[in-house]
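Here is the structure we will look at.
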């Protein structure tokens, strides 16, 4: 598997391999996460280091560097692509810099970021997997990279608010599905009417939030 660059400028590219054992032998972890490092990850590579000296983007108030980590995955016996979510979460918690994770499986790429939780793209071909460096400082750059993973656009503005709305939308969609299932099975008219009223309220909130994303 060749190294990926995500269309990044040569000034930020590093291409240095990190020893996997540094994570699962020297950090508090579980047997299941160690197994992910051993079974699923062939190698870990620092693809790029985005900082003021390399990216020509000033440090932010909170962030001085964002690293791009490539996780080259081993093929799974049944041909599926298995993502080492536990290992990624451990790395994100243990490394002080912010991380854009790149899972590489043959010619496919998946991007992930850890914010309030892990977010990921779908699997992309290496040819279409590219990121844009956008932001007045590295705080904004981190929000922009996160936005590219979560929303598919590079806008850094109000990322936290957008994520909160996205999470609320997901919760409402689950509630709507459960509400509709319960209403279909409900025999009492007054309860069916109450569930219908709740459905209208959920639908109205969903419509408002989807318009604000």
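Taking 18 Å as the cut-off, the amide N atoms of the range 155-180 that come nearer than this to a point 7 Å along the Cα-to-beta-carbon line of residue 186 belong to 172-180. Residue separation of residue 207 and residue 168 scaled by 0.36 nm, minus their Cα-Cα distance, works out to 12.9 nm of gained length. In this rough spin-label picture, where each label sits 7 Å from Cα along the Cβ direction, the residue 160-residue 193 distance is 4.4 nm.
Taking every DSSP beta bridge with both residues inside the chain, roughly what % is antiparallel (nearest 5)? Walk me through the intermediate numbers first.
Working: 24 of 31 bridges.
Antiparallel bridges: around 75 percent, rounded to the nearest 5.
Alpha-carbon geometry of the range 33-130: the Rg and the Dmax are 14.0, 46 Å, given in that order. Residue order for 23, 196, fewest other beta carbons within 10 angstrom first, comes to 196, 23. Taking the helices alone, the chain has a mean residue ellipticity at 222 nm of -13500 deg cm²/dmol, built from -39,500 (n - 2.57) per DSSP H run of at least 4 residues and averaged over all its residues. Residues of the range 137-172 with an amide N closer than 16 Å to a point placed 7 Å from the Cα of residue 14 along the Cα-to-Cβ direction: 142.
Stretching the chain fully between residue 27 and residue 97 yields a gain of 23.5 nm (0.36 nm per residue, less the alpha carbon separation).
Taking the Cα atoms of the range 161-212, the ratio Rg/Rh between the radius of gyration and the Kirkwood radius comes to 1.07. In terms of surrounding Cβ atoms within a 10 Å radius of their Cβ, 29, 122, 5 rank from fewest to most as 122, 29, 5.
Which shape class, rounded, prolate or oblate, goes with the range 105-213 when its Cα gyration tensor gives a ≥ b ≥ c as root eigenvalues, a/c under 1.5 marks rounded, and past that a/b bigger than b/c marks prolate? Don't skip to the answer; put the middle values down first.
Working: a/c = 3.95, a/b = 2.15, b/c = 1.84.
Because a/c hits 1.5 or more and a/b exceeds b/c, the range 105-213 counts as prolate.
Counting other Cβ atoms within 10 Å as a rough exposure proxy, the listed residues 189, 113 run 189, 113 from fewest neighbours to most. Take the alpha carbon gyration tensor of the chain, find the square roots of its eigenvalues, order them as a ≥ b ≥ c, and report rounded if a/c is under 1.5; if not, report prolate when a/b exceeds b/c, else oblate. Since a/c reaches 1.5 and a/b is larger than b/c, the shape of the chain is classed as prolate.
Values quoted throughout were computed directly from the atomic coordinates according to the rules given, and no laboratory measurement underlies them. Note that the coordinates shown come from a computational prediction; the quantities given were computed from them, not determined experimentally. Every residue, glycine among them, receives a Cβ derived from its backbone with ideal geometry; neighbour counts consider all protein chains shown.
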